[in-house]
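Nothing in this text is a laboratory measurement; each read-out follows from the coordinates by a stated rule. Since the structure is predicted, the reported quantities are computational estimates derived from the model, not experimental observations. Backbone-built Cβ (ideal geometry, glycine too); neighbour counts: all protein chains shown.
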Amino acid sequence: MNTDTIKYLSTKETERLLSRISSKRDKAMFALMYFYGMRCVEAAKLNLDDLRLADSRLYIHAAKNGISGEVILTREVRRVLEAYVKERGSDTTQARALFVSRKSKTGSGRLSTRQISRLFQKYAKHAKLPIDKQHPHVLRHSIAVHMADSGIDVGVVKDHLRHRKIENTMIYFQITSKKRHEFQARALAGEFVARI
């Protein structure tokens, strides 16, 4: 994967996007997708019994040969999930899916990846994100770049993204290295450095 093809949101763009979402379901879903670097298919596959709010845990079924496993929910994500589950109800007799489609006639249908993409695009437009950043996979790229920018160890980011190979994670660190080099070049050309 070429670093130029990876599109990601700045932290301000991410905050702007999430703040524009009024639906409890959609806010919980996109917050999960961002904070845990989830793909659309991983969010669509989540079941209500994958979520254990009592001890702030979520089991993610990884896609693309990733490593499935349990994550600990942040306080913020837990809060939005609790609000959504309260609204949704915890009855699994009608629907096992965590994120239920409102378009289903019985109310028991799982949100499809296509529906998730359409919802994301709607919110991205509302948040005035650039067109090339109006796809949900941008959330996965964003958390990876934000973690790398924060100086988090590559192994931790690898585990967080459920990658099997470190090479898949390193692309995000190449992006941050490129940004650091550009910043250093601009900073060193500034007036505060000594002249030779």
Sorted by Cβ density within 10 Å, fewest first, the residues THR14, THR74, THR5, THR113: THR5, THR74, THR113, THR14
Relative contact order of segment 36-75, pairs being alpha-carbon contacts under 8 Å that are 6 or more residues apart, as %: 31
Among all the aspartates and glutamates, which ones have a C-alpha under 13 Å from LYS27's C-alpha, if same-chain residues fewer than 8 places away are not counted? GLU15, GLU76, GLU82, GLU87
Could you pull out the trypsin sites (Lys or Arg not before Pro) across segment 102-153 that fall in loop regions by DSSP (anything but H, G, I, E, B) with no more than 13 other Cβ atoms inside 10 Å? ARG102, LYS103, LYS105, LYS128
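Quick check: net charge around THR74, other residues with Cβ under 13 Å of its Cβ, Lys/Arg +1 and Asp/Glu -1? The partial results should precede the final answer.
Values: positive: ARG57, ARG75, ARG78, ARG79; negative: GLU76, GLU82.
Taking every Cβ under 13 Å from that of THR74, the sum is +2.
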Distance cut-off 25 Å, Cα to Cα: go down the list LYS64/LYS103; LYS125/LYS158; LYS24/LYS165; LYS45/LYS158 and report the pairs above it. LYS64/LYS103; LYS125/LYS158; LYS24/LYS165
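Can you tell me the relative contact order of segment 3-188? Whole percent, Cα pairs under 8 Å, sequence separation 6 or more. Provide the component values of the computation, followed by the final result.
Working: 238 pairs, mean separation 52.9, N = 186.
Relative CO of segment 3-188 lands at 28 percent.
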Charge-dipole axis of segment 3-188 as Lys and Arg at +1 and Asp and Glu at -1 on Cβ define it, positive-most pick from SER23, HIS160, ILE175: SER23
